[in-house]
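What follows is a set of notes on a single structure, which appears directly below.
The values are calculated or read from the model by the stated rules, or taken from the named source; none is laboratory data. As the structure is a computational prediction, the values presented were derived from the model and not from experiment. All Cβ positions, even for glycine, are placed from backbone atoms using ideal geometry, and neighbour counts span all protein chains on display.
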Amino acid sequence: MGEGAAGAGDGAPTGLSALLRPEGWALLEALPPYDPDRALALGERLRADGVPPGTVAAALTQSRLRAAARDKVGAFADGMLFTPDGLEQATRLPVAARHAARLRAAGATRVADLGCGIGVDALAMAGMDLAVDAVERDEATAAVATVNLRHFPRARVHLGDATGFPAALPVAQPGTPGGVDAAWADPARRAGGRRLTDPEAWSPPLSWALGLPGTGVRAVGVKVAPGVDHALVAPGGPAHGWTAAWTSVDGDVVEAVLWWGAAAVTGAARSATVLRSVTRDGAVEVQEAGTLTDVGLPVPPVGGVGAYLHEPDGAVVRAGLVGHVAAAVGGRLLDPMIAYVTADDLVPSPLARSYEVRAVLPWGLKRLRAYLRGHGVGRVTVKRRGSPIDPDELRRALRLDGDGEATVVLTRRGDERLVLVVDPVTA
């Protein structure tokens, strides 16, 4: 709805160019909170008042994107500009703050943000008093980043190709003040509205990012897809010596980052950090529930279903660190290839969701339906690991009408397909 039209034509400005003019910015700032049910009528009223249609479209688009961005950047969204793809890929601000803190702890003072997008990571770095050179090759996106970083004089946006680094930005030399001493890269992993699964199709490609240590910086962070292969950081892999770090927020795996040099975890190829939102004095804070690495990773035993089932956090599962959770809760795996932990006694973990096992059944639709109906269950939450059954199709096929609730876990133990009926353990 106008983002791509920045600077087009010789008449009234449209798209972002219109909003970057005083009257366009004033219109955007004066809009009421975005309401999808009233957006059409609001647009018609503004056009009737003489506001150019392109400016109206751009302002309403930004209003909608600001509303969507509050989940990622909180109240900062109300003073920022966005692009749809930029918002989709942008780091959540509390997570970006952890990136900045990690680079600062690594001794960085000036960071090259290569492919900065709309500038959320650069915003977090600048907020922690790091100097930032943010590089973005798309002109409209660079303009957005410039607006978003306007309150930080030590953050500069450069229009250019990230792969030109370090030719255009001097790298710090021993004993010489100034210069870039750390690099952060967030390759574009979407094109034409779809995700790119091949790392070499990213822009820039992953192989380029893995060459950043050769530029002379002391620390590097590269944001990658959460499905990144463990073989990348394993011995013999192209990123051996880096640490692959997965992060989740409230159970949602939001990112994976490859860290090198002073920002890597010594001796660790993989790590997982679990973050939780907590409300304190009416404000929501994101706090760390725990961090694990593959250093000293235990091999958990395998055995039968106990009285409790633990579902490790997604970041722990992605990082392949379920063995730590099993050891912490005194549990075992149902199957060596399935990330469910079972235990005879309840030992809660902040890195897993715990359930009390109500019943263990061999898989069978009629058997499961009979059990649930016999216990008055009308609503089920379906979870699965190691099962091909679609949860939505199962809910429809069960045809339940009771008043009770239950969680149904579809899994397997070897070749045996199992159904566990469980209840969440509440604190």
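Points to keep in mind about this one:
- Among the residues of the stretch 325-358, those identified as outside any helix (DSSP H, G or I) and β-branched (V, I, T) are I338, V341, T342, V347, V357.
- The stretch 43-56 residues that are part of a helix (DSSP H, G or I), paired with ones that are modelled with pLDDT of 95 or more and loosely packed, with under 12 Cβ neighbours inside 10 Å (beta carbon under 7 Å, 6 or more apart): none
- Scope the stretch 373-414; condition in a loop (DSSP other than H, G, I, E, B), under 23 Å from R318 (Cα atoms) and not polar (S, T, N, Q); matching residues: R385, G386, P388, I389, D390, G414
- Restricting attention to the stretch 359-372, the residues that are in a loop (DSSP other than H, G, I, E, B) and either surrounded by 16 or more Cβ atoms within 10 Å (Cβ to Cβ) or not assigned by TED's automatic domain parsing to the domain that holds A339 (or both) add up to 0.
- Odd one out for E88, checked against (1) over 21 Å from R189 (Cβ atoms); (2) modelled with pLDDT under 95: (1)
- All conditions in (1) over 23 Å from D390 (Cα atoms); (2) without any contact (Cβ under 8 Å) to a residue 24 or more places away in the chain hold for V317, with the sole exception of (1).
- Looking across the stretch 15-34, just one residue is assigned to a loop (DSSP other than H, G, I, E, B) and out of contact with any helix residue (DSSP H, G or I) (no Cβ under 8 Å at 6 or more places or on another chain), and that is R21.
- Residue match in the stretch 280-297 (condition: modelled with pLDDT of 95 or more and of a type in the set (K, R)): no
- Any hit, the stretch 130-138, residues being in the same structural domain as W259 (by TED's automatic domain parsing), out of contact with any strand residue (DSSP E or B) (no Cβ under 9 Å at 6 or more places or on another chain) and farther than 14 Å from V217 by Cα: no
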